[in-house]
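*Asks:* To start, I am sharing the structure in question, which I have written as structure tokens.
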Amino acid sequence: MSILEKDLTVKKATREAFGDEIVKLGKENKNIYVIDVDIAKSCKTVNFIKQLPDQHINVGIAEQNAAGLAAGLATTGKIPFVSTYAVFGSLRMLEQIRQEVCYPNLNVKIACSHGGLTPANDGGSHQAIEDMGVLRSVPNMTVIMGADYYSTRKLVEQAAKVYGPVYLRFTRDTVPMIYDENEEFTIGKAKKIKDGSDIAIIANGDTVRLALEATKELEKQGISVKLLDMHTIKPLDREAVVDCLNIGKIITVEDHNILNGLGSAVCEVVAEEGKGTVRRIGVQDQFGQSAPYEKLLELNGITVENIIKTAKELI
Amino acid sequence: MKEISIEELKEKAIQLRKTALTMIYGAQSGHPGGSLSAADIMAALYFKEMNVDPHNPNWEDRDRFVLSKGHVCPIQYSALALRGFVPYETIYTLREYGSPFQGHPDMKKCKGIDISTGSLGQGLSCGVGMAIAGKRDFKDYRVFSLVGDGECQEGQIWEAAQTAVKYQLDNLVVFVDNNRLQIDGFCDEIMPLQDLEKKFDAFGFETKRINGHSMEEIVETLDEVRVAKNGRPKCIICDTVKGKGVSFMEDVADWHGVAPNEEQYHQAMEEVAGGLR
């Protein structure tokens, strides 16, 4: 069955994918560790704690210490996953990640729930809109957000298997299950959901579902859409972006500030290649507030309607 | 642990001081004050206490050393050079392009560095991670960390300390180089640390306070903590003098991060060669 025909009403949060996958990985490899910072329940590591207590550490409410401790563990051959919220995992721990994880290129994974606007009712303080951009700037770091439950499981599995620092971002809220269980994903390689010739839409994370809906509608209206799931924004799949330049018209969609995230990464390639036009859909360089998730998306124009409108303007 | 006499260790401390001064003088850059205050502790660790192998620096059962106050790396580099981790001539490349002796310790570039450090307050957390791994893997190695007293103004030191106690890391030994000075002046003026011995004790450490320039006291204390497998991490507050061994550097905050000129270098070398008064 084509992804475009999938029933998008079946949903699961991608933090659940991390919680499920990390137990499987931990059982396979005794060097996999989880470091919690007092939010194990909402980061979905409770099963890991129950089943693999000897591979678990809880440092309490002390994120900076968690990052440094993970670096120390990594020097002994462990593969620690620090599990926290995206605001803390990117910003509270940033210097520790830079100095002790990325500078010595240690095998530490930062696994973060509550990415983007998904902690909607928690308000602007808890909505991570800069995290991927900030960490994209740090050498040696890989930055990933899967679109749904199964792709996130595959990406977590890969993150455990590749050497080096990886930042993984998950949704707090449920998102449609887009992919089948056996679909394969590779860090750094865009997933081509659909080929097309009039416009290219490049999305990641929880906005892939919106791009998918928009694609269906545009196709109905006779507009041929190429749709990519760019789950890894660093290293960016440059080749996949270059492949969109024969279409020349690109829309990026992300649940992240339009500065420094997916949109910026794509623009860098397009500008360097010297051809093509990009429109970025994402958080409009403004903080969020407590509101329903869909309302926050709407306030930033991260909607199916705006993707369709932008596509039509562009072609 | 290696068999070595107190007198021989004192001689090693002299060599460490001379090497660090030569390194900083050669680079015309680096941190002499804290390097000299830590010299005696470093001599005891690298020439007696720690199980390390210069020919197999990544030996998985080795004792680890975390220089949380990373800017005093000239004293650690001196120990690594004198122990044969790197050729002795490396000391003339401090802070140069391509040198293993970076301005702050870089584990990717220098053999014998167990973790890169340089941003204060962060190293102890790494040491805690190493010590937890040792416990979980049923290894006998220990983790030694040197932190500055000024560095204890960083909150992360205390996050690491509470974790060390929770996980009963009696394989962790924290030295506080209590030289009472930081870049801007005396710690008591910049941000008083109160009683560090009481603070670490309150956190649950087994805490001792010694003269950090008395080789006899350092060795005796290391003998005590080596056998104390009691589930408590150890903290040794070492009362020291910044710039120790060089009269014009002692207790002078301005010698935190300044290299001596030629005249000062020769005078300093002469003074440290005679050993501590």
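The values are calculated or read from the model by the stated rules, or taken from the named source; none is laboratory data. Nothing here was measured: the structure is a model prediction, and the numbers come from that model. Every residue, glycine as well, gets a Cβ built from its backbone with ideal geometry; the counts of neighbours run over all protein chains shown. Please note that ligands, DNA and RNA were not included when accessible areas were found on the heavy atoms of the full protein model with its side chains. Shrake-Rupley method; radii C 1.70, N 1.55, O 1.52, S 1.80 Å.
*Asks:* Report, in listed order, any pair from A:Lys27/A:Lys189; A:Lys78/B:Lys135; B:Lys18/B:Lys111; A:Lys6/A:Lys192 with a Cα-Cα distance greater than 24 Å.
*Replies:* Among A:Lys27/A:Lys189; A:Lys78/B:Lys135; B:Lys18/B:Lys111; A:Lys6/A:Lys192, the Cα-Cα distance tops 24 Å for A:Lys27/A:Lys189.
*Asks:* Rounding to the nearest 20 debye, state how big the charge dipole of chain A is about its Cα centre with +1 on each Lys and Arg Cβ and -1 on each Asp and Glu Cβ.
*Replies:* With only Lys, Arg, Asp and Glu charged at Cβ, the dipole is about 360 debye.
*Asks:* Moving to a separate point now. Decide, for region B:188-229, between rounded, prolate and oblate: order the square roots of the alpha carbon gyration tensor eigenvalues as a ≥ b ≥ c, take rounded if a/c falls under 1.5, and otherwise choose prolate if a/b is larger than b/c, else oblate.
*Replies:* Oblate.
*Asks:* Still on this structure: Could you please state, rounded to a whole Å, how far the C-alpha centre of region A:34-107 is from the C-alpha centre of region B:221-277?
*Replies:* Answer, in whole Å: 35.
*Asks:* Where the only charges are on Cβ atoms (+1 Lys, Arg; -1 Asp, Glu), what is the dipole of the protein assembly as shown about its Cα centre, to the nearest 20 debye?
*Replies:* So the magnitude is around 1360 debye.
*Asks:* Give me the accessible area of B:Thr207, 1.4 Å probe, in Å² rounded to the nearest 10.
*Replies:* Rounded to the nearest 10, that gives 30 Å².
*Asks:* Can you give the calculated 222 nm mean residue ellipticity of the protein assembly as shown, where each DSSP H run of n ≥ 4 adds -39,500 (n - 2.57) and the sum is split over every residue, rounded to the nearest 500 deg cm²/dmol?
*Replies:* -10500 deg cm²/dmol
*Asks:* Once you order the gyration tensor axes a ≥ b ≥ c over the Cα atoms, which shape class does region A:173-290 get: rounded for a/c under 1.5, otherwise prolate or oblate by comparing a/b with b/c?
*Replies:* Note, shape of region A:173-290 comes out rounded.
*Asks:* In whole angstrom, and with the biggest value first, how far do the Cα coordinates of region A:232-315 range along each principal axis?
*Replies:* Result for region A:232-315: principal-axis Cα extents of 40, 29, 17 Å.
*Asks:* Kindly report the accessible area of region B:154-277 per residue (heavy atoms of protein chains, probe 1.4 Å, no ligands, DNA or RNA), in Å².
*Replies:* 46 Å²
*Asks:* In degrees from 0 to 90, rounded to the nearest 10, what is the angle of the helix B:262-273 Cα long axis to the longest principal axis of chain B?
*Replies:* 50 degrees
*Asks:* So which chymotrypsin sites (Phe, Trp or Tyr not before Pro) in region B:104-176 pass both tests, a DSSP loop state and at most 16 other Cβ atoms within 10 Å of the Cβ?
*Replies:* Qualifying residues, ordered by number: B:Phe138.
*Asks:* Would you be so kind as to identify which of A:Ile247, A:Leu91, A:Ile193 lies farthest towards the positive end of the dipole of chain A, taking Lys and Arg as +1 and Asp and Glu as -1 on Cβ and the Cα centre as origin?
*Replies:* Comparing the listed Cα positions along the dipole, A:Leu91 ranks first.
*Asks:* Right, here's the next one. How big is the accessible area of A:Tyr163 in square angstrom, nearest 10, if you roll a 1.4 angstrom probe over the protein chains?
*Replies:* Per-residue accessible area (A:Tyr163): approximately 140 Å².
*Asks:* Here is a further query. Normalised radius of gyration for the protein assembly as shown, please: alpha carbon Rg relative to 2.2 N^0.38 Å, two decimal places.
*Replies:* 1.09
*Asks:* Per the Kirkwood treatment, what hydrodynamic radius in Å, one decimal, follows for region B:134-277 from the mean inverse distance over all distinct Cα pairs?
*Replies:* About 16.7 Å, per the Kirkwood formula over Cα pairs.
*Asks:* Taking the Cα atoms of region B:6-273, what is the range of coordinates along each of the three principal axes, in descending order and whole Å?
*Replies:* 50, 44, 35
*Asks:* Taking only C-alpha pairs under 8 Å that are 6+ residues apart, what is the relative contact order of region A:37-113 in percent?
*Replies:* Relative CO of region A:37-113 lands at 35 percent.
*Asks:* Please compute the contact order of chain A in relative form: average sequence separation of alpha-carbon pairs under 8 Å and at least six residues apart, divided by the residue count, as a percent.
*Replies:* Contact order relative to length: 18 percent.
*Asks:* Please give the charge dipole size of chain B, origin at the Cα centre, charges +1 on K and R Cβ atoms and -1 on D and E Cβ atoms. Round to the nearest 20 debye.
*Replies:* 860 debye
*Asks:* What is the angle, in °, between the Cα long axis of helix B:155-166 and the longest principal axis of the Cα atoms in chain B? Nearest 10 is fine, range 0 to 90.
*Replies:* Roughly 40 degrees between the two axes.
*Asks:* Let me ask something else. How about region A:119-189: which trypsin sites (Lys or Arg not before Pro) there are in a DSSP loop, with at most 15 other Cβ atoms within 10 Å of their Cβ?
*Replies:* When the trypsin sites (Lys or Arg not before Pro) of region A:119-189 are filtered for loop state and at most 15 Cβ neighbours within 10 Å, A:Lys189 remain.
*Asks:* Could you sort out which of A:Lys11/A:Lys161; A:Lys234/B:Lys139; B:Lys2/B:Lys234; B:Lys199/B:Lys229; B:Lys48/B:Lys69; B:Lys2/B:Lys244 sit more than 29 Å apart by Cα distance in this structure?
*Replies:* Beyond 29 Å between Cα atoms: A:Lys234/B:Lys139.
*Asks:* If you scale each eigenvalue of the Cα gyration tensor by 5 and take the root, what three semi-axes come out for region A:7-176, rounded to whole angstrom and sorted largest first?
*Replies:* Calculated on Cα positions only, the semi-axes equal 22, 19, 15 Å.
*Asks:* Once both axes come from the Cα atoms, what is the angle between helix B:215-227 and the longest principal axis of chain B, in degrees from 0 to 90, rounded to 10?
*Replies:* Orientation of helix B:215-227: about 20 degrees from the principal axis.
*Asks:* Among B:Ala228, B:Ala38, B:Ala253, whose mean-square fluctuation peaks in a Gaussian network model of chain B (Cα, cutoff 10 Å)?
*Replies:* Top of the fluctuation ranking is B:Ala228.
*Asks:* Could you tell me what percent of the accessible area of the protein assembly as shown is made up of carbon and sulfur, with a 1.4 Å probe and every protein chain present?
*Replies:* Solvent-exposed carbon and sulfur of the protein assembly as shown make up 47 percent of the total.
*Asks:* Okay, moving on. Mind checking A:58-66 for the average number of partner chain beta-carbons within 10 Å of each residue's beta-carbon?
*Replies:* Mean number of neighbouring Cβ atoms from other chains: 6.
*Asks:* Please compute, for peptide A:97-106, the average count of beta-carbon atoms on other protein chains lying within 10 Å of each residue's beta-carbon.
*Replies:* Per-residue shielding by partner chains comes out at 5.
*Asks:* Further, regarding this structure: Over region A:12-54, give the accessible area per residue in Å² for a 1.4 Å probe, as an integer.
*Replies:* For region A:12-54, the per-residue accessible area is 42 Å².
*Asks:* Counting only C-alpha contacts under 8 Å and six or more residues apart, can you give the relative contact order of chain B as a whole percent?
*Replies:* After rounding, I find 24 percent.
*Asks:* Here is a follow-up. Return the value, in Å² to the nearest 100, of accessible area buried between chains A and B (probe 1.4 Å, both sides summed).
*Replies:* Looking at A and B, the buried total is near 2100 Å².
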